[in-house]
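Notes to accompany the following structure.
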Amino acid sequence: MRENIPWWKSGILYQIYPRSFQDSDGDGVGDLRGIIQRLPYLHELGVDALWLSPIFPSPMEDFGYDISDYIGIDPLFGTLDDFDALVAAAHDFGLKVILDFVPNHTSDQHPWFVESRSSKDNPKRDWYIWRDGRDEGGPPNNWLSEFGGSSWEFDERTEQYYYHAFLRAQPDLNWRNPEVRQAIHDVMRFWLRRGVDGFRVDVMWHLIKDDLLRDNPPNPDFTPDRQPYERLLPLYSTDRPEVHAVVAEMRQVIDAFDDRVLIGEIYLPPDKLVAYYGRDLAGAHLPFNFALISTSWTAQAIAELIDGYEKALPPGAWPNWVLGNHDRRRIASRVGADQARVAAMLLLTLRGTPTLYYGDEVGMPQVEIPADRVRDPFEQNLPGIGVGRDGCRTPMPWDATPHGGFSAVDPWLPLDTNFARNNVATEREDAASMLSLYRALIDLRRKRPELTLGSYRLVSVAGDLLVFKRGYRGQRVLVALNLGGASIALTAATMSLRGRVLLSTFMDRQAETTDGTLELRGAEGIILEPPE
Ligand code: TEU
């Protein structure tokens, strides 16, 4: 059935945060050999592709999102040989490997930047964004860094400012310079030739800034409880029209190789997000859709966002859904342990490629990080306002042994205090666990083309109830989700409820048949197969 369907449409993506997946060499930080050890687990889980947060040489000011060498592996994670071994082993399991790629900025330790800042007439000066201050003094414009403060850093030696959308240790490359484009395309080819199956491009919507560097306007909706970056609307610093040509060029680099994927990390509302599919779909294959991460967890809000997203998609564009990542609070803590099961069913029954974040499949919560163990520079710059990302980056709990089987030593971030109960080994033995639910959902999705490839149609949204249908070539399944804590009685008055339960989030109703009525317990989701 799937012969002509690209893997990134029919498959399931799984994000690994390499520092926290598996430590193989006893330094408390995960590494590539560790990931190789855990490939059988990922194979058993049933996902199709791994994307790895950055593994390149880096001073780790932003934990690898500050790259000092695009074509190497940081010794913390291993060697290029280890990487080749990982790609080969993953491919043997039928797993694709997607790299996290950070072309918007480098580390300030990258040789390109070291050259660039050395003098005003250095050939690489224009590889970054350098400007004089304003005549009256101060930085060239009012743009803010996402991580707090001005996004301009004054360089004493050459008496100019450079632009950094994130940390001052992360200077932005100048994507208007053709040499920069060429250099980055060469880096992409280096990894594509090594066998990687695609890239997740970091902050794709940031790549090009306004050529006139106009001031950003104030955000009329700003309130003091929000992070300082939100004081302005990033109208001129992000999502510029010229970015789409840059993305299309990246896509051309990808398309010179067989069967690879280009994914964009883009935080924009649906109408702006879908522009990143590109004219004639010649942009990103999958502009990440983060809508589920920020929506309020109600049936109405979710139904509306699915509808809005589906309507915004250009003809032929393939949708995708993300429930969590290394920058946002864990889903289990956002919506609670019970609703996290409903969320799992939603993610794996929606139309479009799902991305799982490591550990969500065992119900990992956001971990409370004591002040003396905070590592995230975002939290260190803006303490106490809730921007810290360490709590969603904690070590994977594999079993109940000390340090959760993640490491022989105390890891770089603490494990969840409940790891002895919620871990892969114990959940594997428990037929009703979160892990068992994820495995059943993934299995069902793989078996049923309705779920992988089928159309989506909203059937009903009322109170806490969300019901939709997925249909493919005359076959269909019904998904009914209870977004609330109280039970809901469904009757045939609103929908056809005859059929067989394929799966309940409680894992206890398989093969139950219904002839017109159905009772959903609080926080229960079911997948129903109507009779032929
Ligand atoms: O994150 C980008 C990102 O999450 C922010 O730009 C986001 O838009 C902001 O929090 C406001 O909502 C990527 C990486 O995923 C992150 O880990 C890096 O720190 C960052 O880029 C810089 O490379």
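The values are calculated or read from the model by the stated rules, or taken from the named source; none is laboratory data. Note that the structure is predicted; figures quoted are calculated from it, not measured. So basically every Cβ, Gly included, is an ideal-geometry build from the backbone, and we count neighbours across all protein chains shown. When the accessible area is computed, the model is the full protein with side chains, heavy atoms only, and any ligands, DNA or RNA have been set aside. Shrake-Rupley method; radii C 1.70, N 1.55, O 1.52, S 1.80 Å.
Taking the DSSP beta bridges with both ends in the chain, the antiparallel portion is around 60 percent.
In terms of solvent-accessible area of protein heavy atoms at a 1.4 angstrom probe, what is the ranking of D376, D338, highest value first?
Working: D376 0, D338 105 Å².
Largest accessible area first, the list is D338, D376.
Placing a pseudo-label 7 Å from each Cα along the Cα-to-Cβ vector at T223 and S487 gives an inter-label distance of 3.8 nm.
Quick one: helix 434-447 against the long Cα principal axis of the chain, what's the angle to the nearest 10°, folded into 0 to 90? Roughly 80 degrees between the two axes.
Computed with every protein chain present, the accessible area of D410 is close to 100 Å² [probe 1.4 Å].
Pairs over the 29 Å Cα-Cα cut-off, from the set K311/K447; K124/K209; K120/K272; K272/K447: K120/K272; K272/K447. Each residue, S296 and F257, gets one label point 7 Å from its Cα in the Cβ direction; the gap between the two is 4.4 nm. Go ahead and run the numbers for FRET between D84 and L213, Cβ-Cβ distance against an R0 of 51 Å, rounding to 0.05. According to the calculation, E is roughly 0.75. Over the chain, DSSP H runs of length four or greater, each weighted -39,500 (n - 2.57), average out per residue to a 222 nm ellipticity of -7000 deg cm²/dmol.
On the basis of the beta-carbon distance and an R0 of 45 Å, Q109 and A425 show a calculated FRET efficiency of 0.65. Can you send over the carbon and sulfur percentage of the accessible area for the chain, probe radius 1.4 Å, protein chains only? In the chain, the share of accessible area belonging to carbon and sulfur is 49 percent. Here, P(r) means the percent of Cα pairs in each 5 Å bin from 0 to the largest distance; for the range 445-507 it is 4, 15, 26, 27, 18, 9, 1, 0. Taking Cα atoms only, the orientation of helix 299-312 departs from the longest principal axis of the chain by about 60 degrees. If you sort M60, M345 by accessible surface, 1.4 Å probe, largest first, the order is M60, M345. The angle between the Cα long axis of helix 80-92 and the main principal axis of the chain comes to about 20°, on a 0 to 90 degree scale. For the range 395-521, the mean projected area of the C-alpha convex hull, equal to one quarter of the hull surface, is 10.0 nm².
Simple rule: put +1 on each Lys or Arg Cβ and -1 on each Asp or Glu Cβ in the chain, find the dipole, and look at P377, W205, I293; the Cα lying farthest toward the positive end is I293. The three principal axes of the C-alpha atoms in the range 319-409 carry coordinate ranges of 42, 35, 22 Å, sorted with the longest axis first. Estimated at 0.36 nm per residue, the fully extended path between V409 and H91 surpasses their Cα-Cα distance by 111.4 nm. Our note on the geometry: Cα centres of the range 139-186 and the range 92-127, 12 Å apart.
Given 25 °C and 0.890 mPa s, how large is the Stokes-Einstein diffusion coefficient of the chain in µm²/s, with Rh as the Kirkwood radius over Cα pairs?
Approximately 101 µm²/s, per Stokes-Einstein.
Between R446 and K272, the C-beta separation translates, for a Förster distance of 35 Å, into a calculated FRET efficiency of about 0.60.
What is the local net charge at A408, summed over the other residues whose Cβ is closer than 11 Å to its Cβ (Lys, Arg +1; Asp, Glu -1)?
Numbers: positive: none; negative: D23, D25, D27, D410.
Within the 11 Å Cβ shell, the charges total -4.
Were the residues from F154 through T513 laid out at 0.36 nm apart, the gain over their Cα-Cα distance would be 122.3 nm.
Take F468: with every protein chain present and a 1.4 Å probe, its accessible area is about 0 Å².
Bridging of K96 to aspartates and glutamates at a Cα separation below 12 Å is possible for D48, D197, D259, once same-chain residues fewer than 8 apart are set aside.
Relative to the current alpha-carbon distance between Y472 and E368, full extension at 0.36 nm per residue lengthens the span by 33.1 nm. What number, in percent, do you get for the relative contact order of the chain if the mean sequence gap of Cα pairs under 8 Å and at least 6 apart is divided by its residue count? Value for the chain: 12 percent.
Taking 4 °C and 1.567 mPa s as the conditions, I'd like the Stokes-Einstein D for the range 417-465 in µm²/s, using the Kirkwood hydrodynamic radius from alpha carbon pairs.
For these conditions, the coefficient is 96 µm²/s.
Excluding G28 itself, what net charge comes from residues whose Cβ is under 11 Å from its Cβ, given Lys and Arg +1 and Asp and Glu -1? Cβ neighbours under 11 Å give a net charge of -4.
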